[in-house]
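K.L.:
Provided herewith is a single structure, encoded as structure tokens, for subsequent inquiry.
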Amino acid sequence: DAGITQSPRHKVTETGTPVTLRCHQTENHRYMYWYRQDPGHGLRLIHYSYGVKDTDKGEVSDGYSVSRSKTEDFLLTLESATSSQTSVYFCAISLGTGSNQPQHFGDGTRLSIL
Amino acid sequence: GESVGLHLPTLSVQEGDNSIINCAYSNSASDYFIWYKQESGKGPQFIIDIRSNMDKRQGQRVTVLLNKTVKHLSLQIAATQPGDSAVYFCAFPEQETSGSRLTFGEGTQLTVNP
């Protein structure tokens, strides 16, 4: 158990509304990641963070923003949700600082945008 | 094995049999590989990893084999149990980026019949 908590676990909202998903870790790991998982696409990286206030884009970052104001929390925001952002969102952390380290995942947030 | 598409490759085995799940990669510079298990409704769970200076690594009931010549790795599960039913996928670091970013395969659906 890597001590990762995602909230909420499920959310249904309407197109055009803002949505914020939270990832909380208890073990002070430097690297945190947000992925989305969709049928036919596997896991795709949205944004990641390599420290407080240090973030970078992944392959599918359009329409998403992130913030990391403290080590333990990494927030993913959909400023104006669209139906194409209906997905399952996973947060992950990397246990080490080297490039060859496994990532460990939370149990996901299922987001439906109507 | 891994593939891109709407339908995951599937493997169906009888309880007690051995399972072999395959993954191909294209970057000969890849030097670290991870296998994950994902059960329905949960996040990916780390199973085992292997570095490129090894050909084989064993865990509890699992073995990963790496063939760098043909850029192929496999996950072998011994005495497969119903609890092993899940999607399995491989992952490896993106060599050109920092931050421990991973590329994930599409996954293979393993079904264990009692």
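The values are calculated or read from the model by the stated rules, or taken from the named source; none is laboratory data. Source: prediction; values computed, not measured. Here Cβ is always computed from backbone atoms with ideal geometry, including for glycine, and neighbour counts include all displayed protein chains.
K.L.:
Those residues that are outside any loop (DSSP other than H, G, I, E, B), surrounded by fewer than 17 Cβ atoms within 10 Å (Cβ to Cβ) and of a type in the set (S, T, N, Q), I need them from region A:1-47; list them, please.
P.N.:
A:THR5, A:SER7, A:THR13, A:THR20
K.L.:
Right, another one. Using the structure shown, decide if B:ASP84 is among the acidic types (Asp, Glu) and either within 24 Å of A:TYR31 (Cα to Cα) or exposed (fewer than 14 other Cβ atoms within 10 Å of the Cβ) (or both). Working first, answer last.
P.N.:
Working: among the acidic types (Asp, Glu): yes; either within 24 Å of A:TYR31 (Cα to Cα) or exposed (fewer than 14 other Cβ atoms within 10 Å of the Cβ) (or both): no.
Against the criterion (among the acidic types (Asp, Glu) and either within 24 Å of A:TYR31 (Cα to Cα) or exposed (fewer than 14 other Cβ atoms within 10 Å of the Cβ) (or both)), B:ASP84 does not qualify.
K.L.:
Just to check your reading of the model, which residue among B:SER19, B:SER26, B:SER30, B:SER3 is at pLDDT 95 or above and among the hydroxyl-bearing types (Ser, Thr, Tyr)? Outline the logic, then answer.
P.N.:
Values: B:SER26 fails: at pLDDT 95 or above; B:SER30 fails: at pLDDT 95 or above; B:SER3 fails: at pLDDT 95 or above.
Every option except B:SER19 fails the conditions.
K.L.:
Within the bounds of region B:12-23, is there any residue that is within 14 Å of chain A (Cβ to nearest Cβ) and either out of contact with any helix residue (DSSP H, G or I) (no Cβ under 7 Å at 6 or more places or on another chain) or surrounded by 17 or more Cβ atoms within 10 Å (Cβ to Cβ) (or both)?
P.N.:
Yes, some residue in region B:12-23 is within 14 Å of chain A (Cβ to nearest Cβ) and either out of contact with any helix residue (DSSP H, G or I) (no Cβ under 7 Å at 6 or more places or on another chain) or surrounded by 17 or more Cβ atoms within 10 Å (Cβ to Cβ) (or both).
K.L.:
Can you name the number of the only condition in (1) within 14 Å of chain B (Cβ to nearest Cβ); (2) at pLDDT below 95 that A:TYR89 fails?
P.N.:
Against the list (1) within 14 Å of chain B (Cβ to nearest Cβ); (2) at pLDDT below 95, A:TYR89 comes up short only on (2).
K.L.:
Okay, moving on. Working carefully through the options A:ASP62, A:ASP73, find the one that is of a type outside the set (Ser, Thr, Tyr), at pLDDT 95 or above and under 11 Å from the mean Cα position of the chain (by Cα). Walk me through it before giving the result.
P.N.:
Details: A:ASP62 fails: under 11 Å from the mean Cα position of the chain (by Cα).
Checking each option against the conditions leaves just A:ASP73.
K.L.:
Among the residues of region A:48-66 satisfying the criterion of being polar (S, T, N, Q) and within 11 Å of chain B (Cβ to nearest Cβ), which is surrounded by the fewest Cβ atoms within 10 Å (Cβ to Cβ)?
P.N.:
Of everything passing the filter in region A:48-66, A:THR55 is surrounded by the fewest Cβ atoms within 10 Å (Cβ to Cβ).
K.L.:
Would you confirm, using the coordinates I've provided, whether A:LEU21 is within 14 Å of chain B (Cβ to nearest Cβ) and touching a Pro at 6+ places or on another chain (Cβ under 8 Å)?
P.N.:
yes
K.L.:
So, one more: Go through region B:55-95 and report how many residues are within 11 Å of chain A (Cβ to nearest Cβ) and not β-branched (Val, Ile, Thr).
P.N.:
Total meeting the criteria: 7.
K.L.:
Quick one: is B:SER100 closer than 24 Å to A:ALA92 by Cα and modelled with pLDDT under 95?
P.N.:
Considered against the rule, which asks whether it is closer than 24 Å to A:ALA92 by Cα and modelled with pLDDT under 95, B:SER100 comes out as yes.
K.L.:
Quick one: how many residues across region A:55-114 are in contact (Cβ under 8 Å) with a residue 60 or more places away in the chain, closer than 21 Å to A:GLU14 by Cα and assigned to a strand (DSSP E or B)?
P.N.:
Counting residues in region A:55-114 that are in contact (Cβ under 8 Å) with a residue 60 or more places away in the chain, closer than 21 Å to A:GLU14 by Cα and assigned to a strand (DSSP E or B) gives 8.
K.L.:
Ok, one more. For residues that are among the aromatic types (Phe, Trp, Tyr) and either within 25 Å of A:SER87 (Cα to Cα) or in contact with a helix residue (DSSP H, G or I) (Cβ under 9 Å, 6 or more places away or on another chain) (or both), tally how many sit in region B:24-56.
P.N.:
Here the count works out to 3.
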